[in-house]
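Input: a single structure, listed below in structure tokens.
The values are calculated or read from the model by the stated rules, or taken from the named source; none is laboratory data. This is a predicted model, so every value here is computed, not measured. Reconstructed Cβ throughout: ideal geometry from the backbone, glycine too, with neighbour counts over all protein chains shown. The protein model used for the area step is the full one, side chains on, heavy atoms only, and it has no ligands, DNA or RNA in it. Shrake-Rupley method; radii C 1.70, N 1.55, O 1.52, S 1.80 Å.
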Number of protein chains: 2
Amino acid sequence: MANALADMGDEELLALDNQLCFLLYSSSRMMTALYRPLLDQLGLTYPQYLVLLVMWEYQGREGDRDKEVTIKMLGERLLLDTGTLTPLLKRMEQQGLLVRQRAVNDERKVLVSLTPRAQELKAGAAEIPRALLCHSSLGDEELIGIRDGLRLLLNELVSK
Amino acid sequence: MANALADMGDEELLALDNQLCFLLYSSSRMMTALYRPLLDQLGLTYPQYLVLLVMWEYQGREGDRDKEVTIKMLGERLLLDTGTLTPLLKRMEQQGLLVRQRAVNDERKVLVSLTPRAQELKAGAAEIPRALLCHSSLGDEELIGIRDGLRLLLNELVSK
DNA sequence: CGCAATTATATTGTGCACAATATTTTAAAC
DNA sequence: GTTTAAAATATTGTGCACAATATAATTGCG
């Protein structure tokens with residue numbers, strides 16, 4: 001009865017722990033906090049780490065023509081707009097992690113490419129999820145269940 | 001095999017969609033985006049809405065002596081520190097949603113109390129989760145499964 | 001061709017998050 | 001009863017998020 005989401009009273013509907021939204025919000029921040037000390041060692045913030053993940057993903061695909069990555073592509077993958085990405089990428093450029101340059105064939109586009117310095121971070125970056133998975137008291141099945149549930153939810157949320 | 005989290009290769013470990021962290025981060029932001037137009041009507045941001053939820057929760061408990069709510073209590077419940085809460089609560093005070101005053105018996109504490117104006121928002125606030133639950137294509141069981149999984153995960157994350 | 005609409009990015013301004021530090025008040029230890 | 005430590009909040013500074021707007025390049029249409 002406490003779980004029939006449809007017909008709850010106001011009190012129950014507004015209970016913090018019943019709000020999927022709050023659970024997502026808190027879990028996300030706590031998870032990022034867990035990453036922080038490890039990312040600090042690499043000199044990265046969490047969103048910067050995400051940008052690298054996307055860049056590595058695109059580079060891995062042999063099929064893509066030219067492997068060019070635009071700001072727009074990053075934004076679509078990370079669900080972020082240029083108001084967030086432009087200053088973030090500028091900071092990463094100043095740290096020598098990437099280069100931004102206008103595309104010659106279409107000067108509206110900005111092509112992002114990683115420097116060797118950023119390439120070298122890849123091995124260290126892979127140690128982060130490995131380290132975090134290790135000292136988790138939740139079992140693999142639990143984690144996979146949560147992951148799959150979140151994939152469904154995110155799909156649902158994006159399509160609105 | 002793609003799900004044996006322990007022994008993945010670098011590529012697979014770093015894949016964006018395999019990162020619980022990214023799923024949480026994106027889902028949280030997309031969920032907040034869904035709340036935004038509804039909260040706009042109430043003149044609230046999402047963190048401000050959370051503060052109201054906690055205040056309403058404490059007020060509902062007849063047992064609590066004096067029903068006094070300090071900034072520390074809000075921070076513990078929302079997992080936020082004073083660097084976030086102090087300016088946030090000041091903004092809410094300026095909007096006439098709450099009052100902040102030092103406790104007489106312990107002048108380190110700041111007591112937060114809602115104004116009638118904030119009380120009146122409660123009914124409208126309850127309509128928000130109701131409205132969002134309605135047009136979800138995910139079933140109740142799915143949502144409850146995700147919620148329970150996130151409760152487990154958040155518990156795990158907080159205890160570190 | 002000329003021009004309106006679209007596309008890609010940049011800019012501005014507000015509000016979080018959070019680390020680091022400071023301030024004030026209370027409690028504890030001697 | 002001072003001194004010291006601890007507790008509660010405030011302040012400062014950086015980096016996101018995101019709405020709103022602006023700018024420049026390209027496309028499409030009559």
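Dipole of chain A, Cα-centred, from +1 at each Lys and Arg C-beta and -1 at each Asp and Glu C-beta, to the nearest 20 debye? Walk me through the numbers before you get to the answer.
On the way: 19 positive and 23 negative charges, 213 e Å.
Here chain A has a charge dipole of around 1020 debye.
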### Gaussian network model of chain A, springs between alpha carbon atoms under 10 Å - residue of A:LEU133, A:LEU85, A:LEU111 with greatest fluctuation
A:LEU133
## Note on the structure
For chain B, the helices passing both cut-offs (Cα extent along own axis of 27 Å or more, Kyte-Doolittle mean at least 0.5, full DSSP H runs) are B:20-42
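Counting protein heavy atoms only and a 1.4 angstrom probe, how many square angstrom of accessible surface do chains B and A bury in total, to the nearest 100? Mind dumping the intermediate values first?
Values: alone 11510 and 11520 Å², together 16190 Å².
In total, chains B and A hide about 6800 Å² from solvent.
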### Message
Principal axis extents for segment A:2-134, Cα atoms only, whole Å, descending order, please.
### Response
60, 36, 29
### Message
List the residues, sorted by chain then number, that are 5 or more residues from B:LEU111 or on another chain and whose placed amide H is less than 5 Å from its amide H.
### Response
B:GLN101, B:ARG102, B:ALA103
### Summary
Check: in the protein assembly as shown the Lys pairs 8 or more apart or on separate chains whose Cα atoms fall under 22 Å apart number 16
### Query
How far is A:ASP7 from the same spot in each other copy, in nm, shortest first, if each label point sits 7 Å from Cα toward Cβ?
5.2
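Please work out the average accessible area per residue across chain B, using the 1.4 Å probe convention, and give it in Å². Could you put the intermediate results ahead of the total?
Working: 8090 Å² over 160 residues.
Ligands and nucleic acids excluded, the figure is 51 Å² per residue.
Any idea what diffusion coefficient the protein assembly as shown gets from Stokes-Einstein, in µm²/s, Kirkwood Rh on alpha carbon pairs, 37 °C, 0.692 mPa s? List each step's numbers first, then the result.
On the way: Rh = 21.8 Å.
Value of D from the Cα-based Kirkwood radius: 150 µm²/s.
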### Task
Quick one: pull the percent of accessible area on chain A belonging to carbon and sulfur, 1.4 Å probe, ligands and nucleic acids left out.
53 percent
### Query
Which distances, shortest first and in nm, link B:THR70 to the matching position in the other copies, using label points set 7 Å out along Cα to C-beta?
5.5
### Query
Dipole size in debye (nearest 20) for the protein assembly as shown around its Cα centre, Lys and Arg Cβ +1, Asp and Glu Cβ -1?
1440 debye
### Task
State the residue of chain A whose Cβ is nearest the axis carrying A onto B, and the distance in whole angstrom.
A:SER28, 2
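What average count of beta carbons from other chains do you get within 10 Å of the Cβ of residues in B:48-54?
Taking the mean over all residues of the peptide, I get 3.
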### Task
Using a 1.4 Å probe and counting only protein heavy atoms, arrange A:ARG151, B:ARG147, B:ARG117 so the residue with the most accessible area comes first.
B:ARG117, A:ARG151, B:ARG147
### Task
State, to one decimal in nm and shortest first, how far the label point of B:THR84 sits from each corresponding label point in the other identical copies (label point: 7 angstrom along Cα-to-Cβ).
1.5
#### Entry: Inter-part distance where segment A:115-138 and segment B:21-83 are each reduced to a Cα centre, Å
32 Å
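Note down the relative contact order for segment A:2-134 as a percent, whole number, built from C-alpha pairs under 8 angstrom at least six residues apart. Don't jump to the answer; show the numbers that get you there.
Details: 95 pairs, mean separation 25.1, N = 133.
The value is 19 percent.
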### Message
Could you compute how much accessible surface A:ASP81 exposes when probed at 1.4 Å, giving the result in Å² to the nearest 10?
### Response
100 Å²
